[in-house]
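The values are calculated or read from the model by the stated rules, or taken from the named source; none is laboratory data. Owing to the predicted nature of the structure, the values given are computational and were not obtained by experimental measurement. A quick note on method: Cβ atoms are made from the backbone with ideal geometry, for glycine too, and the neighbour counts reach across all protein chains shown.
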Amino acid sequence: MLSTTTLAAPRNRTARVLSVLCAAALAAWGWLLLPSEAMPGWLAFVAVYLLFPPGRTLAVLLAPFFVAYLAWGVDLRDAHEVQQAAWRMLAFVPVAWDFALSWTLFERGHRWGWLAFGAVALALAPSGLMLAVGLGMALLWQAAIQARTAAELGTAVRWQPRALAGLALGAVLLAGALAFVGPWSWPRLALAGAPQAVASAGAPAIDALPTVEGAPASPPAQPLVGEPSLRLEQAFQLVVSLVLLFVALVLLAVWRRGRGGPGARWRGFWGALLLGTVIGLAVVSWLFFLGVLAPGEGIGGGLAWSRVAPPAPTAPAPASPSEAPVTSRRVIPGAWGWLALSLLALALLAVVWAWRWVLVDVGRAPDEPAPAREKRSAPTRADAGRVRAAYRRFLQAARRRLPRASYETPREYAQRFGARFPELAGAARGLTELYEPVRYGGRADAEEAARAEAWADALEAGLKEETL
Amino acid sequence: MIETWYQKVKENVENVMVGQDEPTFLLLVALASEGHALLEDVPGTGKTMLARSLAASLGLGFKRVQFTPDLMPSDLTGVNVWREGRFEFVPGPVFTHVLLVDEINRATPKTQAALLEAMAEGQVTTDGQTRRLEPPFFVIATQNPVEMDGTFPLPEAQLDRFLMRLRLGYPSLEEEVAVLERLRGAHPVEALEAVSSPAEVREVQAQVRRVRVDPSLQRYVVAIVRATREHEAVELGASPRATLALQRAAMAAAALSGRDFVLPDDVKRVAHPVLEHRLLLRPEVRLEGVRPEHVVEAALRAVAVPTEELG
């Protein structure tokens with residue numbers, strides 16, 4: 001039984017389940033970054049942080065001591081040993097502290113809190129797997145926050161078909177993209193036994209990198225450190241594809257804005273654009289700085305797996321060609337890589353748009369008419385949620401023309417709004433008078449909720465006319 | 001019910017006072033909050049008259065004490081006198097409902113402390129015997145600004161015991177002309193009739209305690225008070241007692257406005273009179289002209305009002 005206020009507080013079952021899933025995903029994400037010997041400490045840290053809030057400060061303070069325990073015995077004078085053993089252990093502290101930061105942001109309902117963990121994860125282990133996990137985390141995070149908001153408002157979470165379709169599409173595309181980059185890469189498995197097929201299918205530049213199964217005449221496998229993971233022209237292609245993705249997003253948004261109509265709601269647009277930009281910049285910088293610009297130190301980009309082979313001198317020579325061990329080398333055939341990049345870009349697009357629709361439509365379906373009730377009913381959380389949702393629509397509609405200052409009360413804002421838009425003053429005042437008893441007095445009924453929605457509709461329409 | 005009560009008291013006070021709607025409202029807020037009020041302004045702005053007319057309108061027992069440097073604590077609380085073979089307690093002016101303390105900063109700190117103890121505890125101890133003061137007990141103290149000669153400024157700890165400090169200010173031209181017209185003959189305060197009663201005031205105070213404060217607004221109140229503590233110009237910020245006072249005053253303001261729940265507007269409306277006198281500014285910023293009202297205004301602008309988050 002989870003006992004933290006965060007996980008147990010949401011009264012809505014969906015919100016509670018999503019919060020638990022979010023915590024589990026965040027913990028699993030951290031697990032991917034850490035070595036197996038750090039697992040007991042990691043699990044203890046996560047458990048304390050999620051289940052025993054009073055112990056959080058102590059857990060954060062003890063994290064460095066746990067690393068010291070893990071690194072005990074490592075010869076710090078041996079650079080290779082430090083690199084191989086101590087480095088991943090040292091990652092425990094930033095990962096643990098970043099987990100603490102991220103979860104705190106989650107508890108506060110911060111929509112972008114997952115970026116704190118995503119940035120560290122990508123910096124520590126830049127790979128397509130991390131990127132895929134990050135995308136999934138972003139979606140889960142947003143859904144959990146949104147479900148909590150809906151629970152607070154007393155409204156039901158409605159999963160829009162568009163959002164579910166976008167999710168499914170994103171999942172399929174991500175799975176397709178992951179097939180090229182992770183340890184489950186089926187092209188890798190297929191090509192491992194037939195390197196020549198790679199040479200015949202891929203770009204010449206990449207083919208120059210030997211993809212070998214040990215042969216009698218070939219030298220022992222050498223570490224790949226120092227080799228670029230991507231060619232410059234491939235990185236350029238990636239940048240171009242990402243730029244095109246953002247241009248497509250912007251054009252789509254502008255087109256929909258120009259089209260107008262009742263279905264055109266732009267509340268999620270800037271968030272979606274920001275999300276795409278952040279992910280894009282992370283991917284580009286990771287590929288450039290780790291894969292291309294610093295080839296001497298590169299450890300591989302997202303679409304390459306680059307492994308350091310074990311030291312060769314002490315390895316016994318293979319008895320025969322058929323018994324030779326398979327040595328992993330980088331495999332980035334140009335055509336395959338390009339296909340993976342395209343799939344990844346499409347997955348980004350699908351996930352971003354799925355998230356956008358989840359954001360917009362949870363809580364109240366815009367096209368769904370408010371249920372009419374003949375009798376004045378008793379106050380319910382759902383009615384209160386409808387009034388609050390209507391007021392939020394008003395704030396969002398007015399945000400571009402006359403945003404509410406954070407220190408302004410609803411009444412002060414209605415007054416300022418009425419002075420700026422005299423023809424809408426009555427609607428703003430009416431909506432505010434309905435909103436105040438709901439927000440601060442804890443009351444509402446269906447009739448008031450319907451009136452609030454009517455005021456909000458009038459304000460949205462009025463502001464739209466003002467804009468035109 | 002409270003709104004009706006407020007309207008009739010206000011209209012009655014307006015028979016005497018001109019253009020003092022907001023101070024009248026705030027004084028009634030202090031009364032309904034079971035607090036005490038400090039009226040601070042230069043002489044002749046109507047402080048005493050406002051207190052008198054309010055007490056008369058409320059139908060409460062009223063006594064007035066003019067504080068002077070030679071006033072003793074027993075002059076305020078009362079004394080035991082030997083009469084017919086035994087000591088008999090003669091109550092001082094503090095035993096009343098509304099006590100008007102004129103020029104509180106002209107008495108010595110010892111006498112001030114005796115009064116402030118009665119304000120805080122609602123009781124008086126003389127010769128080892130404690131006597132309760134009958135509720136409602138409401139002190140309206142007036143004082144001239146401390147810059148004037150012949151005064152003993154109230155320490156911050158004692159100022160903190162006043163729920164709010166009000167300033168009346170000079171009337172406008174039209175209001176001053178209206179005052180001349182109204183006071184041409186007999187003073188109207190002499191003919192002022194009571195429109196309320198002690199029981200009604202106690203009921204009002206009980207209803208104020210039932211006003212709803214949303215948890216987000218409680219955080220808002222705390223954030224405002226904490227913002228005064230963190231302001232760079234402040235040497236001593238508002239205390240937790242100020243937090244309680246701000247919430248209670250906002251509850252009373254909401255009730256007088258006819259609501260049973262608090263709005264952020266109520267908090268803002270009472271923030272200045274509740275917080276300003278509790279702030280001690282650093283000497284150097286006082287020389288630069290920074291005043292407590294600037295700090296409170298900055299705090300109100302620094303704290304976000306809880307409404308809807310747009311994400």
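Can you report the number of residues in segment A:416-447 which are more than 8 Å from chain B (Cβ to nearest Cβ), of a type outside the set (A, V, I, L, M, F, W, C) and without any contact (Cβ under 8 Å) to a residue 12 or more places away in the chain?
Number of matching residues: 4.
I need the full set of residues from segment B:261-311 which are within 7 Å of chain A (Cβ to nearest Cβ), within 22 Å of the chain's Cα centre (by Cα) and more than 17 Å from A:Thr432 (Cβ to Cβ), in order please.
Correct list: B:Leu300 only.
For B:Val79, state whether it is in contact (Cβ under 8 Å) with a residue 24 or more places away in the chain, over 30 Å from B:Val195 (Cα atoms) and in a strand (DSSP E or B).
yes
Give the residue, chosen from B:Ala206, B:Ala245, that is more than 14 Å from chain A (Cβ to nearest Cβ) and surrounded by 19 or more Cβ atoms within 10 Å (Cβ to Cβ). Walk me through it before giving the result.
Numbers: B:Ala206 fails: surrounded by 19 or more Cβ atoms within 10 Å (Cβ to Cβ).
Within the list B:Ala206, B:Ala245, the selection yields B:Ala245.
Whether any residue in segment B:42-55 is part of a strand (DSSP E or B) and surrounded by 14 or more Cβ atoms within 10 Å (Cβ to Cβ) is what I want to check.
Checked segment B:42-55: no residue is part of a strand (DSSP E or B) and surrounded by 14 or more Cβ atoms within 10 Å (Cβ to Cβ).
If I filter segment B:235-242 for residues that are surrounded by fewer than 23 Cβ atoms within 10 Å (Cβ to Cβ) and either among the hydroxyl-bearing types (Ser, Thr, Tyr) or part of a loop (DSSP other than H, G, I, E, B) (or both), do I get at least one hit?
Checked against the condition, which is being surrounded by fewer than 23 Cβ atoms within 10 Å (Cβ to Cβ) and either among the hydroxyl-bearing types (Ser, Thr, Tyr) or part of a loop (DSSP other than H, G, I, E, B) (or both), segment B:235-242 yields at least one hit.
Quick check on B:Val201: is it modelled with pLDDT of 90 or more and either crowded, with 18+ Cβ neighbours inside 10 Å or in contact with a Gly (Cβ under 8 Å, 6 or more places away or on another chain) (or both)?
For B:Val201, the condition - modelled with pLDDT of 90 or more and either crowded, with 18+ Cβ neighbours inside 10 Å or in contact with a Gly (Cβ under 8 Å, 6 or more places away or on another chain) (or both) - is met.
Are any of the residues in segment B:103-121 at pLDDT 85 or above and assigned to a strand (DSSP E or B)?
no
Out of B:Leu99, B:Leu71, B:Leu28, B:Leu39, I need the residue that is crowded, with 19+ Cβ neighbours inside 10 Å and part of a helix (DSSP H, G or I). Which one? I'd like the intermediate steps shown before the answer.
Working: B:Leu99 fails: part of a helix (DSSP H, G or I); B:Leu71 fails: part of a helix (DSSP H, G or I); B:Leu39 fails: part of a helix (DSSP H, G or I).
The unique qualifying residue is B:Leu28.
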